[in-house]
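Right, one structure below, let's go through it.
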Amino acid sequence: MSAEVETSEGVDDSERKNPVAQEKENHIRMADLSELLKEGTKEAHDRAENTQFVKDFLKGNIKKELFKLATAALYFTYSALEEEMDRNKDHPVFTPLYFPMELHRKEALTKDMEYFFGENWEEQVMCSEATQKYVERIHYVGQNEPELLVAHTYTRYMGDLSGGQVLKKVAQRALKLPSTGEGTQFYHFEKVDNAQQFKQFYRARMNALDLSLKTKERIVEEANKAFEYNMQIFDELDQAGSALARDTLEDGFPVHDGKGDMRKCPFYTGQQDTGALEGNSCPFQKAMTVLRKPNNLQLILATSVALAAGLLAWYYI
């Protein structure tokens, strides 16, 4: 009896836990990271599904003038992500998930950019404000908290290997894109023979990572942030689309001519530093040159589909 009392007195009240709570914590501690991510991002899934951009896309109401912004968002996002993946390829937490040959999308996106915009596409592409915030977050994580890269790679690539493959076929059929893959290289994983098997393998690698419960929780939190950044991009596209609708001529092209105050350009819907805008030209002016070519009309939906694919694909994970 005295021994029991002595042991009880030696334990702080804050350290005592209800047996049920302790069991629940132990269960969470042993849970697979992939399952924690799936459960922990359900709310973000729902909110993302109800963004105006996604709802409009599902209805087929895609504003054709946004196709360059959508493509640029994908290009800058994956460029940043894969730069940080390369930087951390030897990090003990990230090394098991480093599959550059199988997963990297920058090279594929570069081919799609060339197909849609021509060889001088780099002179036309500009990173939007919302996309830049996403890019900056990815770089911060890669340079300061590389274990959180797991959240971004899982969110992006597992989706690309899931619903993205469905949308690839839809785009090819609806837009009569070449069966050889031009314009849809983003979805083509040349080194992945079986997407389903690779996803299972990737999840197994992820679940085998030696991570504490706290780190797992931080990864889930970061995955939710990734959803938020993507939704901000969709909201930005909606705002740009609304601005275009207000400033449209009878022939369907925007009033802004790419000169004067850059803040009047529909592309820049948020407040930006004046110095950063000096010397830049409005991407919509260049976009109109492309849009005025009849053969490029079918490309409009293709690039809008590309950006929406990343979000829609999450629902298939």
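None of the figures in this text is laboratory data; all of them are computed from the coordinates on show. For clarity, every value in this text was computed on a predicted model and none was experimentally measured. Here the Cβ is made from the backbone with ideal geometry for all residues, glycine too, and neighbour counts use every protein chain on show.
Numbers at a glance
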item	result
Residue-span extension gain [K42 to N207] - 0.36 nm each, minus C-alpha spacing	57.5 nm
Under 26 Å between alpha carbons - lysine pairs in segment 148-228 that sit 8 or more apart or on different chains	12
For segment 29-248, projected area of the alpha-carbon convex hull averaged over all directions, nm²	12.7
Ordering of 216-227, 189-200, 154-165, 135-146 by packing [mean C-beta count within 10 Å, highest first]	154-165, 216-227, 135-146, 189-200
Fully extended contour minus Cα-Cα distance, from E182 to Q132, at 0.36 nm per residue	15.3 nm
